[in-house]
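The next block holds one structure in the form of structure tokens; read it before the comments.
The values are calculated or read from the model by the stated rules, or taken from the named source; none is laboratory data. What you are looking at is a predicted structure, and each value in this text was computed from that prediction instead of being measured. Cβ placement follows ideal geometry from the backbone for every residue including glycine, while neighbour counts extend to all protein chains displayed. For accessibility, only protein heavy atoms count, side chains too; no ligands or nucleic acids. Shrake-Rupley method; radii C 1.70, N 1.55, O 1.52, S 1.80 Å.
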Amino acid sequence: MEPVKEEEIGFSNICSVLQILGAKWAFLVIAELSKGPKRFKQLHRDVAIVRTQSLTDVLRHLENSGIVRREVFPTVPVTVQYSLTEKGLDFQAALKEMEKWAAKWGK
């Protein structure tokens with residue numbers, strides 16, 4: 001059996017990240033939540049191009065991946081707030097680097 005090359009491990013890690021963040025609208029939701037916690041309606045207003053069901057789906061996906069935290073408050077009616085977890089907050093540095101790259105090469 002051949003040893004696994006370091007670059008293959010790197011590609012494997014990148015593929016794992018893309019499985020989490022490759023969901024449609026994931027980057028947009030993470031960028032909005034990086035500004036601070038938001039309730040669903042506010043988040044939906046801020047990412048108005050995303051349909052309600054699509055936003056629900058991406059929030060569930062990011063929550064299951066440990067990127068987003070969903071908090072339910074026992075109010076009437078129930079209040080739900082979304083925020084980034086430590087894992088999600090840690091992604092901000094990578095997001096900023098991607099923004100720099102896009103500014104330089106994206107056009």
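Just a few scattered comments:
- Put simply, when 33-41, 71-79 are sorted by average Cβ atoms within 10 angstrom per residue, most first, you get 33-41, 71-79.
- Relative compactness, the chain, computed as alpha-carbon Rg over 2.2 N^0.38 Å: 1.26
- Accessible surface ranking for GLU86, GLU63, GLU99, GLU32, 1.4 angstrom probe, highest first: GLU86, GLU99, GLU63, GLU32.
- Degrees, to the nearest 10: 92-105 long Cα axis against longest axis of the chain: 70 degrees
- Separation between Cα centres of the stretch 33-49 and the stretch 70-107, rounded to whole Å: 10 Å
- Accessible surface of ASP57, taken over heavy atoms with a 1.4 Å probe and every protein chain present, rounds to 80 Å².
- Nearest-ten-degree value, helix 6-21 long axis tilted from longest Cα axis of the chain: 20 degrees
- Backbone geometry of the stretch 33-50 corresponds, through the Karplus equation with coefficients 6.51, -1.76 and 1.60 at θ = phi - 60°, to 3J(HN,Hα) couplings of 6, 5, 7, x, x, 9, 7, 4, 4, 5, 4, 5, 5, 6, 10, 4, 6, 9 Hz, x marking Gly and Pro.
- Note on LYS104: lysines with a C-alpha under 22 Å away, same-chain residues under 8 apart excluded, are LYS96.
- With all protein chains kept in place, the per residue accessible area of the chain amounts to 74 square angstrom at a probe of 1.4 angstrom.
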